[in-house]
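The values are calculated or read from the model by the stated rules, or taken from the named source; none is laboratory data. Everything quoted here is computed from the prediction, not taken from an experiment. Using ideal geometry, Cβ is built from the backbone for each residue, glycine included, and neighbour counts are taken over all protein chains shown. Note: accessible area is taken over every heavy atom of the protein model, side chains too, but ligands, DNA and RNA are not part of it. Shrake-Rupley method; radii C 1.70, N 1.55, O 1.52, S 1.80 Å.
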Amino acid sequence: MQPTTTKNSASALTAAILVASLGYFVDIYDLLLFSIVRIPSLKSLGLSGAQLTDTGIMLLNIQMIGMLIGGVLWGMLGDKKGRLSVLFGSIFLYSMANVANGFVHSVNAYAVWRFIAGLGLAGELGAGITLVAELMPKEKRGYATTIVASVGVSGAVVAYFIAQAFEWRTSFFIGGGLGLLLLLLRVGVAESGMFSESKNAENRGDFFALFKNKAQFIKYIRCILIGIPLWFVVGVLITLSPEFGKVLRVQGEVSAGAAVAWCYGGIVIGDIAGGLLSQRMKSRLKVVYIFLSLSVVGICAYFTLYDLTLQHFYWLCGGIGLTVGYWVIFMTIATEQFGTNIRATVTTTVPNFVRGAVVPLTLLFQLLKHVYGGNIIYSGITVAVLSLAVAFMALSKMKETFSKDLDYVEEF
């Protein structure tokens with residue numbers, strides 16, 4: 001019976017990695033597609049000039065608010081009802097919202113469906129990473145999470161090429177169709193054994209329990225803060241790259257879609273390198289230190305290199321993406337920090353609070369832009385310094401989790 005059991009376990013793990021990876025692929029496709037088609041989609045709705053920036057930031061913030069709310073709801077559901085219910089439920093919701101986005105004809109409708117898409121997008125990654133981490137042997141789980149994240153973030157690159165080849169509405173239809181097709185792969189994916197064994201644990205899926213214990217709350221906040229620089233780069237520097245390109249005197253018109261594709265191409269390489277380096281060094285924290293240090297260099301280069309050719313600017317976007325390519329390690333750290341009874345809640349809410357940090361980051365950026373007399377370089381540098389400072393501070397207080405046994409429940 002042993003060979004059969006082992007074979008079944010391997011098949012369940014393979015199926016889980018496949019669905020989690022492809023689910024995150026479509027997740028990132030949809031999440032970044034808006035940044036890629038922001039300008040052409042808003043122009044088709046009759047907007048122009050400063051409206052393209054202001055309305056674009058508003059829609060992005062609404063999407064992120066949806067992700068914040070969805071992160072809490074899906075996370076709690078993942079610990080109460082199971083990882084699989086969240087994995088497939090979130091894929092269905094954001095796929096349907098993707099399709100609906102292709103039918104919008106007003107900014108208000110766009111906002112409603114970006115909010116609903118945000119709700120759906122909030123659940124898949126946390127559930128997938130939690131499921132894979134709990135199924136994988138502790139010494140090798142870094143390899144599995146690396147596969148999930150690396151395949152997933154490549155969805156941004158594919159979104160760019162799809163948006164280049166098709167009209168923006170069709171691009172949304174394709175994303176929704178990919179998600180619905182993915183649901184056909186759900187056969188063969190098994191629930192986490194750790195979750196099944198922890199069904200009687202106290203505070204299971206209790207998000208608010210994290211705020212009742214000072215030590216747990218501080219640990220939770222640190223997990224969020226170390227990811228802030230990554231989404232500062234994506235949500236501000238890359239999303240607003242057309243605006244920054246003009247001020248930096250880039251020789252040509254910068255395409256936000258191309259900048260996103262180049263940035264995420266760099267993030268893919270960074271995720272693969274970071275995951276493998278973490279396994280080799282047997283440390284998560286040392287790898288994040290390396291990437292944060294590199295990101296200081298990358299962000300400095302972004303703000304100080306003027307008069308670049310368009311191609312060189314895109315290379316710079318790819319390089320800065322590489323320096324913040326520690327998303328897989330960041331997610332793995334969050335998963336490994338907490339017990340089974342609250343793990344899905346943490347793993348789902350942490351990345352969404354990081355993504356949601358784009359809201360205060362962009363608001364601060366807009367405020368500082370007025371303070372600095374419209375100078376977006378100075379406002380960008382200030383927000384960058386704050387993002388990096390809190391990340392380094394949080395990382396310095398965290399405990400190493402490499403090879404940590406995850407089969408335990410959290411006591412509050």
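Annotations
- The condition of being more than 21 Å from Asp27 (Cα to Cα), assigned to a helix (DSSP H, G or I), open to solvent by 50 Å² or more (accessible area, probe 1.4 Å) and among the aliphatic types (A, V, I, L, M) holds for only one of Ala394, Ala389, that being Ala389.
- Matching entry among Ile342, Ile381, Ile329 (being within 27 Å of Lys404 (Cβ to Cβ), more than 13 Å from the chain's Cα centre (by Cα), in a helix (DSSP H, G or I) and not acidic (Asp, Glu)): Ile342
- Cross-chain or 6+ apart pairs with Cβ under 6 Å, the range 259-276 first and of a type in the set (A, V, I, L, M, F, W, C), then surrounded by 24 or more Cβ atoms within 10 Å (Cβ to Cβ) and outside any helix (DSSP H, G or I): Ile267/Gly325
- Here Arg343, Arg355 are screened, and the one residue that is basic (Lys, Arg), under 22 Å from Val233 (Cβ atoms) and buried (at least 24 other Cβ atoms within 10 Å of the Cβ) is Arg355.
- From the list Ser283, Ser293, Ser278, the lone residue that is at pLDDT below 95, assigned to a helix (DSSP H, G or I) and closer than 21 Å to Met398 by Cα is Ser278.
- Odd one out for Phe25 among (1) open to solvent by 10 Å² or more (accessible area, probe 1.4 Å); (2) farther than 24 Å from Ser150 by Cβ: (2)
Let's see how each residue does on (1) over 29 Å from Gln216 (Cβ atoms); (2) modelled with pLDDT of 90 or more; (3) of a type outside the set (D, E, K, R):
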| site | (1), (2), (3) |
| --- | --- |
| Leu308 | yes, yes, yes |
| Gly319 | yes, yes, yes |
| Thr340 | no, no, yes |
| Leu363 | no, no, yes |
| Ser387 | no, yes, yes |
| Phe392 | no, yes, yes |
| Lys397 | no, yes, no |
| Phe402 | no, no, yes |
| Val409 | no, no, yes |
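- Single residue of the range 136-145 satisfying the filter (surrounded by fewer than 22 Cβ atoms within 10 Å (Cβ to Cβ) and in contact (Cβ under 8 Å) with a residue 40 or more places away in the chain) that is nearest to Ser44 (Cα to Cα): Tyr143
- For the range 147-160, a residue qualifies if it is open to solvent by 10 Å² or more (accessible area, probe 1.4 Å) and touching a Gly at 6+ places or on another chain (Cβ under 9 Å), and the qualifying residues are Ile147, Ser150, Ser154, Val157, Tyr160.
- Hits in the range 281-331 (condition: exposed (fewer than 14 other Cβ atoms within 10 Å of the Cβ) and touching a residue at least 60 places away in the same chain (Cβ under 8 Å)): Lys282
- Tallying residues that are under 15 Å from Tyr302 (Cα atoms) and surrounded by 17 or more Cβ atoms within 10 Å (Cβ to Cβ) within the range 366-381 yields 4.
- Just one residue in the set Ala273, Ala334, Ala301, Ala256 is at pLDDT below 90 and among the small types (Gly, Ala, Ser); that residue is Ala256.
- Residues satisfying the stated conditions in the range 76-114, i.e. within 28 Å of Arg204 (Cα to Cα) and surrounded by fewer than 24 Cβ atoms within 10 Å (Cβ to Cβ): Met76, Leu77, Lys80, Lys81, Gly82, Leu84, Ser85, Phe88, Gly89, Phe92, Leu93
Yes/no matrix, rows are residues, columns are (1) in contact with a Phe, Trp or Tyr (Cβ under 9 Å, 6 or more places away or on another chain); (2) closer than 17 Å to Leu276 by Cα:
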site: Ile116; (1), (2): yes, no
site: Thr146; (1), (2): no, yes
site: Gly152; (1), (2): yes, yes
site: Gly155; (1), (2): yes, no
site: Ala163; (1), (2): no, no
site: Gly177; (1), (2): no, no
site: Leu183; (1), (2): yes, no
